[in-house]
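A short write-up of the structure that comes next.
Coordinate-derived values only; no laboratory data. From a predicted model like this one, the values you see are computed outputs, not experimental measurements. Positions of Cβ are generated from backbone atoms using ideal geometry, with glycine treated the same way; all protein chains shown enter the neighbour counts.
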Amino acid sequence: MVSEAISSCSNEFSFLFTLLQKGDKLKLSEVQRPNKVGRTNDPNYCLFYRMVHHPTNKCFILKNKIQGLIDAGVLILKLEQKKSLRIW
């Protein structure tokens, strides 16, 4: 089970994404625009899609995948962590 104290992280959603990816709990989408991969300084860069389109914290597909992990009991968040992520 993935369990981390993420409320103190400055960008909780990106931290959660990184945590799940490193723990092999989250499969990234296929790269659709290779020329836009790696532009991580752009405010509209999405870590899940690895391209400039929308910010990671506004990615509905990623939010749905995280919610699926929560529903399946793979990821357990404390109430204050859910509030700090502001996605549920």
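Express the C-alpha Rg of the stretch 12-85 as a ratio against the empirical globular expectation 2.2 N^0.38 Å, rounded to two decimals.
The reported ratio for this selection is 1.11.
If r is the Cβ-Cβ distance from I76 to K36 and R0 is 35 Å, what FRET efficiency results, to the nearest 0.05?
After rounding to 0.05, the efficiency reads 0.55.
Quote to one decimal, in nm, the extra length available between K58 and K22 on full extension: 0.36 nm per residue of separation minus the C-alpha distance between them.
So the extension gain works out to 10.9 nm.
How charged is the neighbourhood of K65? Take every other residue with its Cβ under 12 Å from the Cβ of K65, and add Lys/Arg as +1 and Asp/Glu as -1.
+2
Among all the lysines, which ones have a C-alpha under 28 Å from K78's C-alpha, if same-chain residues fewer than 8 places away are not counted?
Answer for K78, where 28 Å is the Cα cut-off: K22, K25, K27, K58, K63, K65, listed by chain and number.
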